[in-house]
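Since the structure comes first, as structure tokens, the remarks are kept for the end.
The values are calculated or read from the model by the stated rules, or taken from the named source; none is laboratory data. Just so we're clear, the structure is a prediction, and the values are computed from it rather than from any experiment. Here Cβ is always computed from backbone atoms with ideal geometry, including for glycine, and neighbour counts include all displayed protein chains. In case anyone asks, the SASA skips ligands and DNA or RNA and just uses the protein heavy atoms, side chains included. Shrake-Rupley method; radii C 1.70, N 1.55, O 1.52, S 1.80 Å.
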Amino acid sequence: MEYRKAEKHKKPLDHSDEQNIQGKTVVITGANSGVGEAAAYEFAKRGAIVVMPCRNLVKAGKVVQDIKTKLPNAQLDLFQLDLGDLSSVRECAREIRKKYSKIDILVNNAGFSSFKKELDYSSEGFESHMVVNHLGPFLFTHLLLDEIKAAAPSRIVFVSSMGFQMGELDPEDFMLKKRGTFLAQNFGPYCNSKLATNYCVKILAKKLQGTGVNVYALCPGFVNSGFQDNAGFLSRILTDILAIKPPEGAENILYCAVMNSTANQSGLMYRTNGIWEGGMEELDDDIGRIVWDKTMECIGIM
């Protein structure tokens with residue numbers, strides 16, 4: 001598999017290249033499990049204030065307890081966030097802004113993949129993958145931009161996927177109401193959401209030039225993070241055999257979030273602790289602007 005081949009060439013993290021994030025504010029979504037949980041631990045270990053907006057606060061509370069058992073002085077702050085509900089996104093951002101005037105690092109990690117044959121739609125009419133993986137995170141980012149700019153030099157990290165290469169976005173059918181699902185294991189809607197994210201990461205990076213805010217997209221690798229729990233038996237077996245563990249996937253987040261070597265980079269995609277050549281270059285800027293405009297229309301930012 002391509003994921004496994006890439007992992008064989010993964011560069012180890014050079015911890016001597018890390019910036020000091022002691023006392024810095026890091027907001028990371030989806031830190032209640034998988035890669036997000038592993039990354040939250042690493043940020044806390046480095047002395048950051050880790051803000052954890054999560055949908056499942058019960059699971060997140062257990063993660064907080066686990067981290068504090070290992071790191072008694074860890075500074076962890078939970079917030080309620082359902083990325084599938086844009087009103088929840090607005091409320092969460094509002095509560096975070098009340099408490100934090102500066103955000104040094106925002107990691108949009110939370111994600112969703114369904115293996116159901118029928119698509120689900122939110123109460124606002126958004127296809128579930130598109131809203132959880134793309135629209136929700138971009139609205140969240142937009143609402144926290146003032147605080148992120150106030151902390152410049154600062155970073156925004158989007159956890160994407162190599163699967164974006166299989167996306168087939170149609171701006172006239174953004175929510176797949178005409179086409180429906182596609183690809184094996186109904187993987188197409190997930191790929192579309194990640195493709196939309198990558199297009200918008202390129203645009204956002206250009207819009208933030210000169211602000212001191214850099215933007216990154218990354219593929220954490222094929223991680224056994226629970227995404228495949230609802231897949232078929234064969235998919236679960238392959239995951240157990242081939243997938244890497246969450247702490248390995250979290251290294252890619254750290255590479256984008258804390259390394260000096262990436263401090264002046266923006267609008268690129270990363271995997272295996274390095275720039276993924278071709279990860280963004282192949283994306284057409286004209287199509288990207290159409291996807292950006294459609295995204296802004298959906299989240300009510302014009």
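Could you please report the charge total around R179, scoring K, R as +1 and D, E as -1 over all other residues with beta-carbon less than 11 angstrom from its beta-carbon?
-3
Ignoring any ligand, DNA or RNA, what whole percent of the accessible area of the chain comes from carbon and sulfur when the probe is 1.4 angstrom?
Answer for the chain is 50 percent, counting heavy atoms of protein chains only.
Can you pull the accessible area of E282 for me, 1.4 Å probe, Å² to the nearest 10?
110 Å²
Mind checking the per residue accessible area of segment 122-180 for me, 1.4 Å probe, whole number of Å²? Mind showing how you got there, number by number?
Working: 2080 Å² over 59 residues.
Solvent-accessible surface per residue comes out at 35 Å².
By per-residue mean of other Cβ atoms within 10 Å, what is the highest-first order of 43-52, 110-119, 123-132?
The densest-packed peptide leads the list: 43-52, 123-132, 110-119.
Under the 0.36 nm per residue contour assumption, what length would be gained going from the current alpha-carbon distance of R97 and V58 to full extension?
Going from the current span to full extension adds 11.7 nm.
Would you list which aspartates and glutamates come within 12 Å of K59, measuring only between C-alpha atoms, while excluding same-chain residues fewer than 8 positions from it?
Cross-link targets: E37.
How large is the accessible surface per residue of segment 242-302, computed with a 1.4 Å probe and reported in Å² as a whole number?
Ligands and nucleic acids excluded, the result is 43 Å² per residue.
Less than 17 Å apart at the alpha-carbon level, and either on another chain or at least 8 residues along: which lysines does that give for K194?
Partners within reach: K202, K294.
At 1.4 Å probe size, with every protein chain present, just tell me what the per residue accessible area of segment 44-90 comes to in Å².
That works out to 50 Å² for each residue.
By a straight-distance test (C-alpha under 21 Å), which lysines pair with K98 as possible cross-link partners, with residues fewer than eight away in the same chain excluded?
In chain and number order, the partners are K24, K149.
If I compute volume of the Cα convex hull per residue in Å³ from the structure I just sent, which labelled value in (i) 127; (ii) 197; (iii) 159 lines up?
Calculated volume of the Cα convex hull per residue in Å³: the matching label is (i).
Take the Cα gyration tensor of segment 1-136, multiply each eigenvalue by 5, square-root it, and list the three semi-axes largest first, rounded to whole angstrom.
On the way: eigenvalues 139, 97, 38 Å².
After diagonalising the Cα gyration tensor, the semi-axes are 26, 22, 14 Å.
About the Cα centre of segment 146-198, how large is the charge dipole given +1 on each Lys and Arg Cβ and -1 on each Asp and Glu Cβ? Please answer in debye to the nearest 20.
120 debye
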